[in-house]
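Worksheet: the structure to be examined is printed underneath.
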Amino acid sequence: MATAGKETPSRPCSVCESVVWFELQPEDVWGTPHHATRRALEASAKSCRLCSMILRAAISNYRDSQGRRSGKGYWRRFNAIKYHDGSSVRDITYVKELGAYMPASLRDDNKGFGRSILAATGIITADGLHVDDDREVPNLELLKVGEDESADLPVWLYGNWWSAREPSGPEDTSHLRLMGVGARFGKTRSHFDAVNCKPDQAHIRGGSLGICTSDDSLFSQIPGRLREMNSDSDIAIGRLEKWLKDCSLNHPLCGSPPLNPALPTRVIDVFASDRGVAVFKSIGMRGRYVTLSHCWGTSSRLMATKESMKDLEEGIAVSFLPKTFQDAINITKRLGIKYLWIDCLCIIQDDPEDWEREASAMSQVYRNSYLTISAAASQDSYSGCFPKRDNDSYISPATISLGYTTPREATGPRSQSMVYEHTTQLGKKNTIYLFEEWLPGSSYYSPQNTEMGSFGKRFDPIADEPLSTRAWTLQERLLSPRIIHYARDQMYFECESCMNSEDGFTFGDIFFGMKRLLQTQRIPHNLHGLSSSAGVSFIAGQDAGGMYLGARWQGGWLSLIENYTMRNLTVRQDKLTALSGVARAVAEETKDLYFAGLWGRHFTEDLCWRMYPQEEIDDRRDAKNTPVKGKVLGTVRRPAEYRAPSWSWASLDGPVRHIPLSYSKLVSKIIKCSTIPAGKDPYGRVSGGRLDIQVMYLQISNGTRGVRLIPPQGPVYEVKPHDPKRWDRHGIPVEIDLEDDRGISIGALHLDLPSEPISYPYYALFLDPSKALILQSKELEPKRNIDGTDVTDTLASKPILTTCDINRNVAQNPQMKDYTFKAILDAVRVGVGVFVKADKKSLDPRGEEKEPEPWDEAKDGKLTLDKILHVSGDESWGPITKEDAKVWVSII
């Protein structure tokens, strides 16, 4: 039990002071009475700040019942449930208001709510995930509820209780957390009697007031906290220490940090003197140490060189160091750790041998670190670790996840603090802060999960920080078991189990974690590519999996590369070197082979990448698909110097995306691959590489000799331009002629260098029935006209042996059917293609796609799934089969 404490600078009215805010009941239980009528609340709101907040919250509750928030629509969730109302049970619909972004997962601690259905109250954007309105709608922010509707209705308060974990039993409530407060107008305290609530619905509208408390508060059920304006304050350091302790004691996946690890080759002794630090060689010494991840910047900076190393070893005053280094030393000392590792002070930058040796040891340096300090908001060594924050206004992670931009101001003019004195500790003051922030509601019977992504989109809160633009810092983040991010908005603590924001939110899906990465590198063959239980797709060319990709896209190697290729490198030749620490760690743990950014056990999946300089959205809001370009992600360039084979993503600069394959239907197999290291590090730079692609072994009966193995090869077809009346896909329209009853297959070509002119001939080497690498021969010859004459002033790639060439040869010489056919010329990769088998029923006599006709049940019978063109699971839309003649191709 708690009693109201001393008066705050903005004292609430007696009605507000009488409310026990931290004991409010959930939205679908009983409301707590506030003012007796709306008129009384409006009158009190003129002098009581908290009443004015409650009035706006009650109006927001009414506004949500109309399907509008901030003048726009949002997502709603529906569940049909059996509702226990006292001694009776009745069928009702559970309606829950969500945000503008579709939730990544609908994770409630469900108690028999069954399957959920999502619907939008506004116009869905082209990406299919966000609700917006591109038309004028009434702005209901200033809505006044009609006199006849609510003037004399009472005001009721309720708590927004979410679930931090699974309950231990039916009576357990220790998992519940108070995330906010809501208000509604209603005849009685029952939520069924709220304004605009239908009798057959339980309408959960959420709370428009957020709540948080202080770090030393006894209100443990309130996870929300005020962010610190200064991240070097005692409270901020205390939070870091609490996070470290909690991770060590309560995260089995993380475990305790090593007590006495081997020190890196050189470390900085932060306690060398009262005002100075010193770099020294560890020579086999052991001990805990902290690492720094930071942006070097372009300004002049202090670094270790052959000339300066002696001075650094003798000692240097902290005041002479860049601000970021000073702050890192300050944090390390306050944590009681003796040693700090900073790359530019502990690696001799003008000694190539020392640099390569230490760069190759990076995986152990960060993996054995007690903590990594991430100067996330700093653009160079002189900006410092602690960003300057001038006011308390910022957009919270939950608001971003929901798709909104309303700032949180927990101590601003639309906030109220309440001080309580707990009866168990007399004299101990406990403060709670109420402020305006909308969060989705939560049912007592199925409380909302607190993890980010369960109520809105998943996102990385560090993604837009300056540190996240640098390529080298990705492996520093990934390799670090524990890392404290000093971001522009607040601190974030990240470990192998989760990420916690300073203001009390949890990110359960880790974007960067070595244990998650290693787990996905050990998946069996059948878990690669498209899932066999991915669902159904009725859209030609779109996989059944849609946006829900496999394990290696979810914190695995593929998602890592997609993130890495969007980052910047000062030295372009470091493309593989800046990731070599992670590659070495993976290789040591899994014993897999590494080839210029691709892994031996996953090579076919790793090989199917494409350049992705701009977001691509399929707008299906009308009957037809319309390809739409979104945000520009980067620029595609070819480096001036050789860096990797053409089949490796590291051969180019620019954002990369991977295309999932139908792994149960692969038509090609990697037989041999090799790369040549350019230095001593086998995971760093390469000077060359070669890849031989063939198809899986086929067993063929050969008379009395029984089973014989045909040497494997891969299906290859010449790619030609296609000129449709309307093109409804991303990429360049192309086609291949299969020269049999399958006819012509239409495809989308994605060139690796979109800015370069199209230069046929191209050749499609298929990996599965639909997806193909697009190749050209490396050797050139004079381009030929249709009549066979040469164009003397224009060169074109020499032709590559194709499947159709083989078919024609075998038709003329049947004895060649068991031969192995190898393309004589080496090929280079120039892109990827995605092809769809022809559906002759949907084509007109000219080969163009016909307008779809309505289903005539009288003529065609009852419409069933088998009568609709579709794919399910990992089935492919592609035309290629394992029976297509194969060509052995070498790619360099």
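Every read-out reported here was derived from the displayed coordinates using simple, explicitly stated rules and does not represent laboratory data. The structure presented is a predicted model; accordingly, all values stated were derived computationally and were not measured. Quick reminder, even Gly has a Cβ in these numbers, built from the backbone with ideal geometry, and neighbours come from all protein chains shown.
Of note:
- When each of the peptides 606-617, 493-504 is scored by how many other beta carbons lie within 10 Å of its residues on average, the order from highest to lowest is 493-504, 606-617.
- With K and R counted +1 and D and E -1, the other residues having a Cβ less than 12 Å from that of D826 yield a net charge of +3.
- Nearest-0.05 FRET efficiency for T406 and K46, computed from C-beta distance (R0 30 Å): 0.80
- At full extension, R726 and T469 could sit 88.7 nm farther apart than now, given 0.36 nm per residue minus the alpha carbon distance.
- Exposure proxy ranking, count of Cβ atoms within 10 Å, fewest first, for V716, V582: V582, V716
- With Cα atoms, 0 to 90° folded angle of helix 580-590 axis to the chain main axis: 80 degrees
- Sites matching GluC sites (Glu not before Pro) across the stretch 721-829 that sit in DSSP coil, with at most 13 neighbouring C-beta atoms within 10 Å: E779
- Calculated from backbone phi, Karplus (6.51, -1.76, 1.60) coupling profile of the stretch 610-620 in Hz, x at Gly/Pro: 9, 6, 9, x, 8, 4, 10, 10, 9, 8, 10
- Each of L153, L775, L218, L118 was scored by other Cβ atoms within 10 Å of its Cβ. Listed from fewest to most, they are L118, L218, L153, L775.
- Over all other residues within a Cβ to Cβ distance under 13 Å of N230, the charged ones net out to -3, with Lys and Arg as +1 and Asp and Glu as -1.
- Folded to 0 to 90 degrees: helix 323-334 orientation relative to the chain principal axis, Cα: 60 degrees
- Full extension of the segment from R620 to V571, taken as 0.36 nm per residue of separation minus the current Cα-Cα distance, would add 13.4 nm.
- Calculated [θ] (222 nm, deg cm²/dmol) that DSSP helices of n ≥ 4 give over the chain, each run adding -39,500 (n - 2.57): -4500 deg cm²/dmol
- Qualifying trypsin sites (Lys or Arg not before Pro) in the stretch 4-81, where qualification requires a DSSP coil assignment and no more than 10 other C-beta atoms within 10 Å, comprise K6, K46.
- Gain on full extension, evaluated as 0.36 nm per residue between N526 and E23 minus their Cα-Cα distance, stands at 176.0 nm.
- Sum of side-chain charges, D351 neighbourhood, beta-carbon under 13 Å (Lys, Arg +1; Asp, Glu -1): -3
- When you count the other C-beta atoms within 10 angstrom of each residue and take the mean per peptide, 247-259, 219-231 line up highest first as 219-231, 247-259.
- Cross-link partners of K515 among lysines, defined as those whose alpha carbon lies under 16 angstrom from its own and excluding same-chain residues fewer than eight positions apart: K591.
- The chain - charge dipole about Cα centre, Lys and Arg +1 at Cβ, Asp and Glu -1, debye rounded to 20: 1000 debye
- Of the peptides 263-270, 185-192, the order by per-residue mean of other Cβ atoms within 10 Å, starting with the highest, comes out as 263-270, 185-192.
- The angle separating the long axis of helix 49-65 from the principal Cα axis of greatest extent in the chain is about 50 degrees.
- The stretch 226-267 versus the stretch 748-781: alpha-carbon centroid distance in Å: 50 Å
- In plain terms, the residue of W156, W355 with the fewest other Cβ atoms within 10 Å comes first and the most crowded comes last, giving W355, W156.
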